[in-house]
1. Search segment A:169-185 for residues that are free of Cβ contacts under 8 Å to residues at least 12 places away in the same chain and pair each with any residue that is open to solvent by less than 50 Å² (accessible area, probe 1.4 Å) when their beta-carbon atoms are under 6 Å apart and the residues are at least 6 apart or on different chains.
2. Among the residues of segment B:140-188, count how many are in a helix (DSSP H, G or I) and under 14 Å from the mean Cα position of the chain (by Cα).
3. Quick one: which of A:L18, A:L55 is away from chain B (no Cβ under 13 Å) and not hydroxyl-bearing (S, T, Y)?
4. Give the residue that is surrounded by the fewest Cβ atoms within 10 Å (Cβ to Cβ), with candidates limited to residues of segment A:76-95 that are among the aliphatic types (A, V, I, L, M), in contact (Cβ under 8 Å) with a residue 12 or more places away in the chain and within 9 Å of chain B (Cβ to nearest Cβ).
5. Filter segment B:65-118 down to the residues that are more than 16 Å from B:Q170 (Cβ to Cβ) and among the basic types (K, R) and list them by number.
6. Go through segment A:52-75 and give me each residue that's open to solvent by 50 Å² or more (accessible area, probe 1.4 Å) and closer than 23 Å to B:M149 by Cα.
7. Consider B:R24 carefully, then state whether it is away from every other protein chain (no Cβ under 12 Å) and surrounded by fewer than 15 Cβ atoms within 10 Å (Cβ to Cβ).
8. With the structure loaded, tell me whether A:A106 is buried (at least 21 other Cβ atoms within 10 Å of the Cβ), aliphatic (A, V, I, L, M), assigned by TED's automatic domain parsing to the domain that holds A:V15 and closer than 30 Å to B:R124 by Cα or whether it fails that test.
Protein chains: 2
Amino acid sequence: MRVFGDAQSGNCYKVQLLLRQLGRPFEWVPVDVLKQETRTPEFLALNPAGQVPLLVWDDGRCLPESNAILLHVAEGTPLLPVEPWTRAQVYRWLFWEQYQHEPTVAVSRFIVHYLKNPPEQAERLAGLQARAHQALRLMTEHLQRQPFMAGSAYTVADIALYAYTHVAPQGGVHLDPYPALRDWLARVAAQPGHSRMGE
Amino acid sequence: MRVFGDAQSGNCYKVQLLLRQLGRPFEWVPVDVLKQETRTPEFLALNPAGQVPLLVWDDGRCLPESNAILLHVAEGTPLLPVEPWTRAQVYRWLFWEQYQHEPTVAVSRFIVHYLKNPPEQAERLAGLQARAHQALRLMTEHLQRQPFMAGSAYTVADIALYAYTHVAPQGGVHLDPYPALRDWLARVAAQPGHSRMGE
């Protein structure tokens, strides 16, 4: 299978990290978001939403949406629990990630790290950073009660939330106030087969 | 089980519609978002994210995130396919709904319908409405090729996207340009056990 992705994107890194951790071979097809390579007619024919990551099988089937890819690929592995209540927690945190965490933590990083912090975005950035801290506080309080997001075991919910959390400081959102969160980042990075972003 | 929800919220309506369609009994606990009832200490103890809907079992377990509730409750029913590829399409559209559709279609409606269209939000609203139309165009093109979002059968992906699409005009996002989308709305509303928002 092929993964169309941008090496700087946390959403793309999620998929890369999962496939490597599961030992599933794949070809990485680099797509540069800043160069508008997700907006070409060729790419839009594969994913009309114009976004990476995109998983493409040899028979041409395409699956977009990073967290949908995580659920689909992890099915049948220990990274996606079968027990209904634990599995519901995985779902809960995957949707929370896309609705509360990514639009604040990742977008702060996008403005600072990709766009080089343009002054005209300063007010928007300050609002996003404040909401990013709210999201990280919520994660921290949750991780004070259990070692991983969905409970006692490492799952795709940890992969999804690790992706942008560990690079939050690149968006000016520093992790010093959140020791339990930093401990969790270390636990995730210590998982067998972990690989770093951009490697 | 109890569902904490706001009768005007599409996210809450999703859960109500699914439970009614499956014939699962539940108690509806009204929570008024505009009156900040999701921000009280009592509610935040149940869901630290301060959002409805929230599913609460008799033993005290709580599940937030509308689309996580849909996946959890629909497991084992025809509304959540077991076949991996069809199921992946359900996941895809549920995440797309929360990332692209809800933040534009639902937030346009929130500004117009709840906040009564304050002039200071006019510029923001125009931007959201333009992006809402992009999302509805993408859905329309998809629905020109298949009767339901995840393929040939009605699933929780249709429930999730119906919730805010059918009330998009309340946000000034009119559906006249999208006949295939309106046909799909009629197909969803014709499903056995369908119930209307706010009923």
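The values are calculated or read from the model by the stated rules, or taken from the named source; none is laboratory data. Computed from a predicted model, the values in this text were never measured in an experiment. Glycine also receives a Cβ, built like all others from the backbone with ideal geometry; neighbour counts cover every protein chain displayed. SASA here: full protein model, heavy atoms, side chains in, ligands and nucleic acids out. Shrake-Rupley method; radii C 1.70, N 1.55, O 1.52, S 1.80 Å.
1. A:R182/A:L175
2. So the first thing to find is which residues in segment B:140-188 are in a helix (DSSP H, G or I), and the list is B:140-143, B:156-165, B:168-171, B:179-188.
Retained after the next criterion (residues that are under 14 Å from the mean Cα position of the chain (by Cα)): B:156-165, B:168, B:185, B:188.
So the count comes out to 13.
3. Working: A:L55 fails: away from chain B (no Cβ under 13 Å).
Selected residue: A:L18, the only one of A:L18, A:L55 that is away from chain B (no Cβ under 13 Å) and not hydroxyl-bearing (S, T, Y).
4. So in segment A:76-95, the residues among the aliphatic types (A, V, I, L, M) come out as A:79-80, A:82, A:88, A:90, A:94.
With the extra rule that they be in contact (Cβ under 8 Å) with a residue 12 or more places away in the chain, the set shrinks to A:79-80, A:90, A:94.
Adding the requirement that they be within 9 Å of chain B (Cβ to nearest Cβ) leaves A:90, A:94.
Details: A:V90: 26, A:L94: 31.
Checking each candidate, the answer is A:V90.
5. B:R87, B:R92
6. Filtering segment A:52-75 for residues open to solvent by 50 Å² or more (accessible area, probe 1.4 Å) gives A:58-59, A:61, A:75.
Passing the criteria: A:D59, A:R61, A:E75.
7. Numbers: away from every other protein chain (no Cβ under 12 Å): yes; surrounded by fewer than 15 Cβ atoms within 10 Å (Cβ to Cβ): yes.
Spelling it out, B:R24 is indeed away from every other protein chain (no Cβ under 12 Å) and surrounded by fewer than 15 Cβ atoms within 10 Å (Cβ to Cβ).
8. Criteria not met by A:A106.
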